Structure formats: structure tokens, C-alpha cells
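Right, one structure below, let's go through it.
The values are calculated or read from the model by the stated rules, or taken from the named source; none is laboratory data. No experiment lies behind these values; they were computed from the predicted model shown. Heads up, the Cβs are rebuilt from the backbone with ideal geometry, glycines too, and the neighbour counts pull from every protein chain shown. Only protein heavy atoms, including side chains, enter the accessible area calculation; ligands, DNA and RNA are left aside. Shrake-Rupley method; radii C 1.70, N 1.55, O 1.52, S 1.80 Å.
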Amino acid sequence: SCLSRRVLSHAWYASVSCALEPVHYNQSAGLICEYDARAFAYVHLGLDEAEGCRVVDVLTCANGEFQALLGAAGRLRVPAEVAWVRLGVAADGAAMRFYAAWEGEPLQPLLDASGTPLAWDASVMSDERIDGWAYTGQMIGVTCVDMWDKTASARMRAFEYGDGDHGGVWTCVR
């Protein structure tokens with residue numbers, strides 16, 4: 001399921017606090033920026049079965065081609081004692097960046113393999129870059145996905161959306 005709202009400008013930010021106890025790698029919950037099923041970015045809380053722990057990861061889809069931006073080695077491992085994880089996304093034109101924090105801590109950028117803040121070219125979420133008929137306009141929202149047994153239940157709170165630059169400082173860390 002997904003609950004979303006329209007993105008209103010070229011520069012915007014959004015965040016949400018999420019709690020999820022996945023038991024299978026096909027269960028996740030988080031923040032999704034979606035153009036349609038062929039173009040989206042999803043920063044989420046999920047399960048790394050090999051490591052036996054919850055992780056923060058970023059899944060993108062550009063014209064039907066999926067990519068896990070952090071890769072298995074780059075996923076952010078969530079300590080067992082942390083119940084709530086805050087997830088964030090900020091866009092400025094075509095550049096989209098992703099953030100995460102444990103409850104009560106300020107959001108920090110997710111880093112790529114070189115230690116640089118992860119950035120994704122979000123220009124793929126446009127009529128000009130999607131093959132065939134497409135929805136016009138980006139949406140940002142919260143979602144819980146269970147492609148295993150349909151029993152996953154996520155808790156979300158403190159969704160925040162704002163137009164313009166967040167100034168590198170997140171004012172809402174709940």
C-alpha cells in the first residue's frame with residue numbers, strides 16, 4: 001500500500017519515521033518518490049537475510065531498469081535496539097539525495113562506495129524519459145511492500161514535505 005502527495009516544485013524535501021520488523025527480504029517500508037511503476041526512487045527499511053539484520057537501502061527504477069544504489073556492502077545496518085528509523089529525500093532539479101537517521105538523531109546523507117553523498121539523476125522521472133504513455137508529475141509518499149506473504153505491517157509517523165531547499169539542515173527530527 002502507498003499513501004502519497006504530489007511534488008509541487010523542482011526543489012523539495014521529504015522525510016518520515018518508520019518502524020518495521022521484516023522477517024523476509026521481500027518485506028520493506030519507507031519513502032517513495034514515484035513517477036510511475038517504471039520510474040521511482042525508494043529509500044527504505046528492509047532485511048538483509050545474509051547478515052540477519054534490518055538495513056536501510058535505496059532502490060531505483062529508471063525506465064524499467066532496477067538498481068540497488070548502495071549495493072550489499074553499502075547498506076546501512078540498523079542496530080537491533082533501534083525501533084524507529086527516519087528516512088529522507090531531497091531534490092534540487094535533477095539531483096536527488098537520500099538520508100537516514102536513528103530516532104532522535106539528525107538525518108545524515110547516505111554515502112556511495114567512495115564515501116560521497118549518494119546522488120541519483122532523477123530526471124528519468126519525466127515524460128521525456130519514459131517510454132510510452134506515462135503519468136504526468138512526481139509523487140512522494142510512504143509505502144509498505146510485502147511481496148512474500150502479505151503479513152508485514154509498518155508504522156509511519158511524522159511525515160514532512162516542503163518545497164524549496166532544506167538548507168542542509170533538517171528541522172524536523174522526531
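List of remarks:
- Qualifying residue in region 80-103 (condition: hydrophobic (A, V, I, L, M, F, W, C), modelled with pLDDT under 90 and loosely packed, with under 12 Cβ neighbours inside 10 Å): no
- Note on region 14-46: residues that are of a type in the set (A, V, I, L, M), more than 16 Å from Tyr161 (Cβ to Cβ) and surrounded by 22 or more Cβ atoms within 10 Å (Cβ to Cβ) amount to 4.
- Candidates Val7, Val55, Val43, Val16 - the one that is β-branched (Val, Ile, Thr) and more than 20 Å from Met139 (Cβ to Cβ): Val55
- Which numbered condition Ala11 fails, given (1) modelled with pLDDT of 85 or more; (2) more than 21 Å from Asp146 (Cβ to Cβ); (3) buried (at least 21 other Cβ atoms within 10 Å of the Cβ): (3)
Every residue, every condition in (1) buried (at least 17 other Cβ atoms within 10 Å of the Cβ); (2) at positive phi; (3) modelled with pLDDT of 70 or more, yes or no:
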site: Ala122; (1), (2), (3): yes, no, yes
site: Trp133; (1), (2), (3): no, no, no
site: Ile140; (1), (2), (3): yes, no, yes
site: Val145; (1), (2), (3): yes, no, yes
site: Ala152; (1), (2), (3): yes, no, yes
site: Arg157; (1), (2), (3): no, no, yes
site: Glu160; (1), (2), (3): yes, no, yes
site: Gly167; (1), (2), (3): no, yes, no
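- Per the conditions (1) modelled with pLDDT under 85; (2) closer than 20 Å to Leu8 by Cα; (3) open to solvent by less than 60 Å² (accessible area, probe 1.4 Å), the sole criterion not satisfied by Thr171 is (3).
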